[in-house]
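Enquirer: Attaching a single structure in structure tokens format; questions to follow.
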Amino acid sequence: MKVFLTGSTGFVGKQILHDLLAKRYQVRCIVRQGSEQKIAHHKEAEIVHGDISDAGSLQGKLAGCDAVINLVGIIREFPGKRVTFEKLHYEGTANLVKVAREQGIQRFIQMSALGARRDGKTQYQQTKFRAEECIKDSGLDYTIFRPSIIYGPGDKFVNLFAGMLKTQQFVPVVGNGRYQMQPVSVENVSMGFIKAIEQKDSMGKIFAVGGPEKFEFNQIIDIIGSVLCVPPHKLHIPVFIMNLAAEMLDWLPAFPVTKDQISMLLEGNTCDEKPFFNHFGIEPIEFKQGISKYIRS
């Protein structure tokens, strides 16, 4: 079976590509010109150039494939570079759906996000939801995954705070830090995508994907500190100050958080994870066990 994979050069995409090839799937990766070196070590993967936000670049690229896995997503916009939630999340997905139908591919597996909904507080949540609706209305055999925060080697979540603790021994925390999160390992997420490819009983379903434990943000920092053997010092910053700073500076790529990300952080990010793990027969990885594999090095 041949899988058409988008987002293969990203954090989650690299794991799914690795696992697909390990399971002996044929994989065709679509990447932007110049990005192919990020996955060049996977000699078995077929690489084609294109951009899902450019429908013309997809013509003929899906031919001969049996399933599509769409992982393309961004966590912040750069409108000056035409990188927006609308363009990547919604228009890109709509382009892929149209071309999949035209080229005879019926199986479509989508990476969405926990919190995606019509009345979401942010454009991130709203465009993820609209992409889901596009897929649900397409007539394709779809499965949609809505993961919480995903961690693993190369992530920009645990590694960010681990880096802070290694160098300065304190971590800035938005507000009181009591909002809840449910981080899930990239290995667990990847296995769900791969098992879904051929499991017909996952078609037409949406799965919320979280780890087996729910934590307050403060607890997550404590666990990272315990793995590093560094007592963490939390610097709690009032929400209004963070919002003000983000409003002035979130256009800078180096600024760590946007106003929308603060809004989503404060509303929490948890779910009932059991249907996902039970349906696909996946053994959940606990957070401390998972991060211990990579943040000590």
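The values are calculated or read from the model by the stated rules, or taken from the named source; none is laboratory data. From a predicted model like this one, the values you see are computed outputs, not experimental measurements. Please note: Cβ atoms are built from the backbone with ideal geometry, for glycine as well, and neighbour counts cover all protein chains shown. For the accessible areas, the whole protein counts, side chains as well, though only heavy atoms, and no ligand, DNA or RNA atoms are used. Shrake-Rupley method; radii C 1.70, N 1.55, O 1.52, S 1.80 Å.
Enquirer: Checking ASP51 against (1) open to solvent by 20 Å² or more (accessible area, probe 1.4 Å); (2) in contact with a Leu (Cβ under 8 Å, 6 or more places away or on another chain): exactly one of these is not met. Which one?
Expert: Unmet for ASP51, out of (1) open to solvent by 20 Å² or more (accessible area, probe 1.4 Å); (2) in contact with a Leu (Cβ under 8 Å, 6 or more places away or on another chain): (2).
Enquirer: Continuing with the same structure: Against the definition (on the phi > 0 side of the Ramachandran plot and open to solvent by less than 10 Å² (accessible area, probe 1.4 Å)), how does GLY177 come out, yes or no?
Expert: Yes.
Enquirer: Read through the list (1) modelled with pLDDT under 95; (2) assigned to a loop (DSSP other than H, G, I, E, B), then give the number of the only condition that MET242 fails.
Expert: That leaves (2) as the condition not met.
Enquirer: Continuing with the same structure: Given the structure, is ASP272 assigned to a loop (DSSP other than H, G, I, E, B) and either touching a residue at least 24 places away in the same chain (Cβ under 8 Å) or over 30 Å from ILE241 (Cβ atoms) (or both)?
Expert: yes
Enquirer: Then there is this: Being open to solvent by less than 80 Å² (accessible area, probe 1.4 Å), of a type outside the set (S, T, N, Q) and farther than 20 Å from ARG178 by Cα: is that true of GLU273 here?
Expert: yes
Conditions (1) within 19 Å of the chain's Cα centre (by Cα); (2) over 23 Å from SER202 (Cα atoms), marked per residue:
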residue: THR84; (1), (2): yes, yes
residue: THR93; (1), (2): yes, no
residue: GLY104; (1), (2): no, no
residue: PHE108; (1), (2): yes, no
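Enquirer: Now, a different point. Could you check, for the range 110-124, whether at least one of its residues is open to solvent by less than 50 Å² (accessible area, probe 1.4 Å), closer than 30 Å to GLU283 by Cβ, out of contact with any helix residue (DSSP H, G or I) (no Cβ under 9 Å at 6 or more places or on another chain) and hydrophobic (A, V, I, L, M, F, W, C)?
Expert: Applying the first criterion (open to solvent by less than 50 Å² (accessible area, probe 1.4 Å)) to the range 110-124 yields 110-116, 120, 122, 124.
Adding the requirement that they be closer than 30 Å to GLU283 by Cβ leaves 110-116.
Now drop any that are not out of contact with any helix residue (DSSP H, G or I) (no Cβ under 9 Å at 6 or more places or on another chain), which leaves 114.
Adding the requirement that they be hydrophobic (A, V, I, L, M, F, W, C) leaves 114.
Yes, the range 110-124 contains a residue that is open to solvent by less than 50 Å² (accessible area, probe 1.4 Å), closer than 30 Å to GLU283 by Cβ, out of contact with any helix residue (DSSP H, G or I) (no Cβ under 9 Å at 6 or more places or on another chain) and hydrophobic (A, V, I, L, M, F, W, C).
Enquirer: Out of all the residues in the range 15-34, which are part of a strand (DSSP E or B) and open to solvent by 40 Å² or more (accessible area, probe 1.4 Å)?
Expert: Hit for the range 15-34 is GLN26, nothing else.
Enquirer: If I ask for residues that are in contact with a strand residue (DSSP E or B) (Cβ under 6 Å, 6 or more places away or on another chain) and touching a residue at least 40 places away in the same chain (Cβ under 8 Å), which ones from the range 157-168 would you list? Can you show your working first?
Expert: Of the range 157-168, the ones in contact with a strand residue (DSSP E or B) (Cβ under 6 Å, 6 or more places away or on another chain) are 157-158, 161, 164.
VAL158, PHE161, listed by residue number.
Enquirer: A further question on this structure: Within the range 228-250, count every residue that is touching a residue at least 24 places away in the same chain (Cβ under 8 Å), open to solvent by 80 Å² or more (accessible area, probe 1.4 Å) and hydrophobic (A, V, I, L, M, F, W, C).
Expert: Qualifying residue count for the region: 1.
Enquirer: I'm trying to understand the selection: among the residues of the range 88-101, which are surrounded by fewer than 18 Cβ atoms within 10 Å (Cβ to Cβ) and free of Cβ contacts under 8 Å to residues at least 40 places away in the same chain?
Expert: Residue satisfying the conditions is ARG101 alone.
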